[in-house]
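Structure first, then comments.
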């Protein structure tokens with residue numbers, strides 16, 4: 001997947017994207033991640049950490065802003081689990097993070 005998207009002016013701009021860092025092993029994250037009902041790549045991100053990378057997202061089609069979706073997903077994961085979640089997101093204009101625990 002390209003990290004660039006063509007804007008209305010014809011110039012390329014970074015495509016929106018996101019990932020979720022969880023302070024738990026993938027085996028602990030997998031059951032909670034299924035509740036998000038979106039396809040995601042789940043892999044180890046160092047000792048005691050996992051990363052979830054969405055395969056798509058509502059923000060790709062302009063349905064919802066990436067920051068709002070990621071804040072909701074991080075909160076949903078953290079509410080149902082004893083470990084914190086850090087959501088990192090970016091779009092053409094800005095980037096940010098949300099920490100939920």
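Listed values, structure above:
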| item | result |
| --- | --- |
| Residues being modelled with pLDDT under 95, in a loop (DSSP other than H, G, I, E, B) and surrounded by fewer than 18 Cβ atoms within 10 Å (Cβ to Cβ) - total across region 7-27 | 6 |
| Residue list for region 28-68, filter: closer than 16 Å to residue 97 by Cβ, assigned to a helix (DSSP H, G or I) and without any contact (Cβ under 8 Å) to a residue 40 or more places away in the chain | 67, 68 |
| Residue selected from region 85-101 under the condition part of a loop (DSSP other than H, G, I, E, B) and touching a helix residue (DSSP H, G or I) at 6+ places or on another chain (Cβ under 6 Å), by the criterion farthest from residue 31 (Cα to Cα) | 91 |
| Filtered residue count, region 50-82, keeping only those that are surrounded by fewer than 19 Cβ atoms within 10 Å (Cβ to Cβ) and touching a strand residue (DSSP E or B) at 6+ places or on another chain (Cβ under 6 Å) | 3 |
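The values are calculated or read from the model by the stated rules, or taken from the named source; none is laboratory data. Remember, it's a predicted structure, so these values are computed and weren't measured experimentally. Note that each Cβ is placed from the backbone with ideal geometry, even for glycine, and that neighbours are counted across all protein chains shown.
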